[in-house]
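Q: Encoded as C-alpha coordinates, here's the structure I'll be asking about.
The values are calculated or read from the model by the stated rules, or taken from the named source; none is laboratory data. Model, not experiment: these values are computed from the prediction. Virtual Cβ from ideal backbone geometry, glycine too; neighbours counted across all protein chains shown.
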(Lines give C-alpha, C1' and ligand atoms only; values in the text may rest on other atoms or scores of the structure.)
Protein backbone atom coordinates (compact mmCIF):
# COMPACT_ATOMS: atom_id res chain seq x y z
CA UNK A 1 0.00 0.00 0.00
CA UNK A 2 2.83 2.39 0.88
CA UNK A 3 4.52 1.61 -2.42
CA UNK A 4 1.34 2.46 -4.29
CA UNK A 5 1.11 5.83 -2.58
CA UNK A 6 4.75 6.59 -3.34
CA UNK A 7 4.30 5.50 -6.95
CA UNK A 8 1.20 7.69 -7.27
CA UNK A 9 3.16 10.72 -5.98
CA UNK A 10 6.38 9.92 -7.85
CA UNK A 11 6.33 13.14 -9.89
CA UNK A 12 6.03 15.24 -6.75
CA UNK A 13 8.90 13.36 -5.10
CA UNK A 14 11.07 13.89 -8.16
CA UNK A 15 10.28 17.60 -8.16
CA UNK A 16 10.97 18.09 -4.46
CA UNK A 17 13.64 15.54 -3.57
CA UNK A 18 13.77 16.70 0.06
CA UNK A 19 10.33 15.12 0.60
CA UNK A 20 11.81 11.67 -0.01
CA UNK A 21 13.91 12.00 3.14
CA UNK A 22 10.75 12.21 5.26
CA UNK A 23 9.10 9.04 3.91
CA UNK A 24 10.82 6.67 6.42
CA UNK A 25 10.05 9.05 9.29
CA UNK A 26 6.35 9.20 8.40
CA UNK A 27 6.17 5.41 8.00
CA UNK A 28 7.82 4.93 11.39
CA UNK A 29 5.29 7.25 13.04
CA UNK A 30 2.51 4.81 12.13
CA UNK A 31 4.26 2.02 14.02
CA UNK A 32 4.74 4.23 17.06
CA UNK A 33 1.07 5.23 17.10
CA UNK A 34 -0.03 1.60 16.91
CA UNK A 35 2.28 0.60 19.76
CA UNK A 36 1.09 3.44 21.97
CA UNK A 37 -2.56 2.71 21.22
CA UNK A 38 -2.22 -0.96 22.12
CA UNK A 39 -0.31 -0.05 25.28
CA UNK A 40 -3.09 2.30 26.40
CA UNK A 41 -5.71 -0.37 25.70
CA UNK A 42 -3.85 -3.08 27.65
CA UNK A 43 -3.20 -0.68 30.54
CA UNK A 44 -6.91 0.16 30.65
CA UNK A 45 -7.73 -3.55 30.82
CA UNK A 46 -5.19 -4.13 33.60
CA UNK A 47 -6.47 -1.20 35.70
CA UNK A 48 -10.12 -2.06 35.19
CA UNK A 49 -10.96 1.09 33.24
CA UNK A 50 -11.93 -1.13 30.30
CA UNK A 51 -14.22 -4.06 31.04
CA UNK A 52 -16.45 -6.47 29.13
CA UNK A 53 -19.20 -3.89 28.72
CA UNK A 54 -17.12 -1.12 27.14
CA UNK A 55 -14.20 -3.02 25.57
CA UNK A 56 -15.63 -2.97 22.06
CA UNK A 57 -16.31 0.78 22.22
CA UNK A 58 -12.74 1.50 23.38
CA UNK A 59 -11.26 -0.88 20.80
CA UNK A 60 -13.19 0.76 17.96
CA UNK A 61 -12.21 4.24 19.14
CA UNK A 62 -8.51 3.32 19.30
CA UNK A 63 -8.75 1.64 15.88
CA UNK A 64 -10.34 4.73 14.36
CA UNK A 65 -7.66 7.01 15.80
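Q: Out of 14, 7, which single residue is exposed (fewer than 10 other Cβ atoms within 10 Å of the Cβ) and either more than 14 Å from the chain's Cα centre (by Cα) or at pLDDT below 85 (or both)? Before the answer, list the steps.
A: On the way: 14 fails: exposed (fewer than 10 other Cβ atoms within 10 Å of the Cβ).
Among 14, 7, only 7 is exposed (fewer than 10 other Cβ atoms within 10 Å of the Cβ) and either more than 14 Å from the chain's Cα centre (by Cα) or at pLDDT below 85 (or both).
Q: What number of residues within the range 17-54 satisfy the criterion of being touching a helix residue (DSSP H, G or I) at 6+ places or on another chain (Cβ under 6 Å) and modelled with pLDDT of 80 or more? Break it down into steps so the answer makes sense when it comes.
A: In the first step, residues of the range 17-54 are kept if they are touching a helix residue (DSSP H, G or I) at 6+ places or on another chain (Cβ under 6 Å); the result is 19-20, 37, 41, 50.
Imposing the further condition that a residue be modelled with pLDDT of 80 or more reduces the set to 37, 41, 50.
Matching residues across the range 17-54 total 3.
Q: Based on what the data block shows, is residue 43 more than 20 Å from residue 65 (Cα to Cα) and either surrounded by 11 or more Cβ atoms within 10 Å (Cβ to Cβ) or within 17 Å of the chain's Cα centre (by Cα) (or both)? Show your work before the answer.
A: Working: more than 20 Å from residue 65 (Cα to Cα): no; either surrounded by 11 or more Cβ atoms within 10 Å (Cβ to Cβ) or within 17 Å of the chain's Cα centre (by Cα) (or both): yes.
No.
Q: Let me ask something else. Do any residues in the range 50-65 that are surrounded by 10 or more Cβ atoms within 10 Å (Cβ to Cβ) have Cβ atoms under 6 Å from those of residues that are assigned to a helix (DSSP H, G or I) and at pLDDT 80 or above, where the two are at least six apart or on different chains, and which pairs are they?
A: Pairs that qualify, where the first residue is surrounded by 10 or more Cβ atoms within 10 Å (Cβ to Cβ) and the partner is assigned to a helix (DSSP H, G or I) and at pLDDT 80 or above, are 50/44; 50/58; 62/37; 62/41.
Q: For the structure I just gave you, tell me whether residue 29 is surrounded by 10 or more Cβ atoms within 10 Å (Cβ to Cβ) and without any contact (Cβ under 8 Å) to a residue 12 or more places away in the chain.
A: Working: surrounded by 10 or more Cβ atoms within 10 Å (Cβ to Cβ): yes; without any contact (Cβ under 8 Å) to a residue 12 or more places away in the chain: yes.
Taking the combined requirement at face value, the residue satisfies it.
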